[in-house]
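Only one structure is covered here, and it is reproduced in the block below.
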Amino acid sequence: MNSQCILLFSSPAKYVSEATAAQWTALVSEARQQALLGSIYFLLKDLELLTTVPQAVQAHLQTGFHYAEKQKNTLLQEMLELEQVFQGTEYPCILVKGVGYRLSNLAFARGRIFSDIDLLIPHSAFADALSRLLDSGYLETGMSDYDRRYYIQWSHQHPPLTHFLRGANIDLHHHIFPVASNSGLAIEPMIVNSTKLVDSVFSVPSLPYLLVHASVHLFYQEETHKLVKDLCDLKQLYQECIETHSPEQILAACKSMHAEAAVYYALDTLRWLFSLDIDADLLQRLAQFSSAYRRWQMQFLLKHLLSASPLHQFAHFGWFVRGHLLKMGIVTLIYHSVAKFWESRKIKQQQSETQQQLDAATKPKDAE
């Protein structure tokens, strides 16, 4: 295993006592890339290990801590604006993923960095929520007509929205997984098992449902640029969840959302990757919904993705294709791939024609 962040989160005390200068350098570089500096700061601080790491490393971790605190203040200001946008709504407005973790005051969310606000709205109220956001200054980012149709028809969310003045980003969801997948995942239990934040129009799902969502996101995703961060988040989320909720409550959340397989693969991954003590009975009861091939496939790809393996690029491609197949199915994926190819070709042709026109317009007279 070459991921220094995975090694640190697996056994912080051992890593701190044994890490070489080269490992510390690699850790800081990877943690910065994965936006984990602030998270590592709190992890080591809580374990009273922070002062034992090299001074130069402490400085980087403190920088990550200060950046996370600054982002937290920006988030709170943006949430005050959104409180006004959704004031008086009679439907639930659910905060999920990073912002949900942070505003729920989960311990592992301290120092955590996120790029957008993920808001889940029941499908029946989706149009009203979108209208409110558009009226308050949130705009769609530039994208092609095809990409927009993809979001609307096949995805689980509206195209990303950005406020034209404040630059805040919102992903407005009506589900946690693309509708094109026919996965059978149920979203209603997650909405029902949410609790309102104090003096707020917003709610956050209970910990078992946040765990289910994070597991689904990990198992079905096709991206790799923040994979280490997602794995470390999931490990800490499980640890925090199991402290206050029983395995039976986690199992009930899985079953109500029809997400038993995804949660099994996610928890099994935590078990072998971090040597984490996962409740054995919970794993056994979830295992009946799993596939031995899917389990092997996930472990094989992650093993080579998280190391300097000769198969790293192959694993990267395999993870990408696997995620898209799970999200779309083979027929939709083929159609999507062909459509994206022709769209890219069309854009390049238009750019070439535009450049030719510009070259002709700026060509010196004596060059003719």
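Each reported figure results from applying straightforward, stated rules to the coordinates on display, with no laboratory input. These numbers come from a predicted model, not from an experiment. Glycine also receives a Cβ, built like all others from the backbone with ideal geometry; neighbour counts cover every protein chain displayed.
Key figures for this structure:
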read-out	value
Highest-fluctuation residue, 279, 145, 268 considered, GNM on the chain with Cα pairs under 10 Å	145
Whichever aspartates and glutamates have a C-alpha closer than 12 Å to that of residue 229, once near sequence neighbours (fewer than 8 apart) are set aside	30
Dipole axis of the chain (+1 Lys, Arg; -1 Asp, Glu on Cβ), positive-most option in 80, 35, 194	35
5 angstrom amide H check on residue 203, placed H, neighbours 5+ away	93, 94, 95, 197
Inter-part distance where the range 263-289 and the range 34-48 are each reduced to a Cα centre, Å	25 Å
Length added when fully stretched, residue 69-residue 313, from 0.36 nm per residue minus Cα-Cα	84.3 nm
Segment residue 59-residue 199, extension gain: residue separation times 0.36 nm, minus the distance between their alpha carbons	46.7 nm
Projected area, mean over directions - the range 81-161, Cα convex hull, nm²	6.4 nm²
Gain upon complete extension [residue 244, residue 272; 0.36 nm per residue less C-alpha separation]	7.8 nm
Set 14/70; 14/72; 235/303; 327/348; 72/303 screened for pairs whose C-alpha atoms are more than 22 Å apart	14/70; 14/72; 327/348; 72/303
Computed over the chain: relative contact order in percent, which uses C-alpha pairs under 8 Å that are six or more apart	16 percent
Label assignment, Rg and Dmax of the Cα atoms in Å derived from the structure, set [x] 20.1, 71; [y] 21.9, 74; [z] 22.6, 83	[z]
In range of the label at residue 84: residues from the range 152-173 whose backbone nitrogen is under 13 Å from the point 7 Å along Cα→Cβ	166
Net charge over other residues, Cβ less than 12 angstrom from the Cβ of residue 159 (K, R count +1; D, E count -1)	-2
